[in-house]
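Encoded as structure tokens, the structure appears first; notes follow it.
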Amino acid sequence: MPTLFVVIPVFEEPHTIEPCVRRAMVAPLPTAWTRRLLLVDDASSRATADIADRLANEFGGPNGSLELLRHATNRGKGAALRTGFDRVLTIATDADAVLTQDGDLEYDPADWPALLAALSSEPLSAVIGDRWAHPHDGSLWRRLHTLVNRTLTGLSNAVTGLRVNDMECGFKLFRVPLLHALRPWLSENRFGVEPQLVAALSRLQAHVAQAPVTYDPRDRTRGKKIGPLDGLRAIWVIVRERLRSQPPVN
């Protein structure tokens with residue numbers, strides 16, 4: 001019976017982490033799949049940490065569906081994903097898959113079936129969510145956000161040769177054999193991990209599919225953490241990964 005390992009990085013999300021985990025616990029899965037959540041607390045303060053502890057007590061344990069991992073200091077989303085990936089690789093089998101799920105509820109676990117349905121049976125297969133497949137509001141923030149993301153995705157596609165619609169999407173799904181191959185190429189600590197992941201997929205000649213997903217964006221007044229410097233970092237990562245000939249030293 002295959003397991004879907006869901007890596008959820010979280011930092012200072014006291015209002016969203018509990019509903020995110022509870023939705024994840026009841027999200028529909030294809031027949032025969034089981035789930036296991038890996039909640040990675042990136043050194044949050046007590047408000048978030050206490051909720052994470054409570055969720056681990058409720059859903060964890062030796063045979064539980066949730067495991068809580070912690071960083072002693074804040075290291076960033078990319079570092080939290082690597083921590084979760086490393087744990088997955090110690091317990092998963094080649095029949096399993098791993099999904100990234102942000103803990104801020106911009107992405108809905110109800111979209112998991114669409115992602116899994118698009119996943120090929122090939123060992124080196126991946127699925128990237130597509131937030132732009134559904135219509136959205138025309139607010140200034142949403143238009144600006146869409147423009148920036150489409151620009152970064154276009155640059156990534158030009159460099160990698162892939163044809164994805166939403167390189168920065170937080171929903172990325174991999175077969176475990178592919179994760180084994182991806183992991184040595186990952187070193188970005190913050191949001192640069194998204195273009196780095198996609199560059200590694202291209203380098204490994206992975207089979208990359210896409211699936212439409214819903215998206216409820218928030219701005220910085222609601223806790224959005226990515227900023228303009230992260231966009232510049234993404235450009236640098238895209239260019240650097242094109243020139244890289246060997247895995248980085250982690």
Problem set entry | Cβ-Cβ under 9 Å pairs, at least 6 apart or on other chains, the range 187-204 side closer than 15 Å to G76 by Cα, far side of a type in the set (S, T, N, Q) and surrounded by fewer than 19 Cβ atoms within 10 Å (Cβ to Cβ) | S187/N250; V193/S187; Q196/S187
Problem set entry | Residue pairs meeting the criteria (Cβ under 8 Å; at least 6 apart or on separate chains; first closer than 14 Å to A133 by Cβ, in the range 163-174; second β-branched (V, I, T) and in a loop (DSSP other than H, G, I, E, B)) | C169/V213; F171/V213
For this session: Provide a single number: the residues in the range 169-202 that are more than 23 Å from D94 (Cβ to Cβ) and of a type in the set (V, I, T).
Result: 1
Problem set entry | Residue check for L89: modelled with pLDDT of 95 or more, of a type in the set (A, V, I, L, M) and surrounded by 19 or more Cβ atoms within 10 Å (Cβ to Cβ) | no
Exercise. What strands (runs of 3 or more DSSP E) lie completely within the range 15-127 and have 2 or more residues being over 23 Å from M1 (Cα atoms)?
Worked result: 34-41, 66-70
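One line per residue, one yes/no per condition, for (1) of a type outside the set (S, T, Y); (2) under 18 Å from the mean Cα position of the chain (by Cα); (3) over 26 Å from R183 (Cβ atoms); (4) modelled with pLDDT under 95:
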| site | (1), (2), (3), (4) |
| --- | --- |
| T16 | no, yes, yes, no |
| R46 | yes, no, yes, no |
| A49 | yes, no, yes, no |
| D53 | yes, no, yes, no |
| R75 | yes, yes, no, no |
Problem set entry | Positions within the range 146-165 being of a type in the set (V, I, T) and either closer than 14 Å to W236 by Cα or out of contact with any strand residue (DSSP E or B) (no Cβ under 8 Å at 6 or more places or on another chain) (or both), in sequence order | T146, V148, T151, T153, V159, T160
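The values are calculated or read from the model by the stated rules, or taken from the named source; none is laboratory data. The structure presented is a predicted model; accordingly, all values stated were derived computationally and were not measured. Note that we place each Cβ from the backbone using ideal geometry, even for glycine, and neighbour counts take in every protein chain shown.
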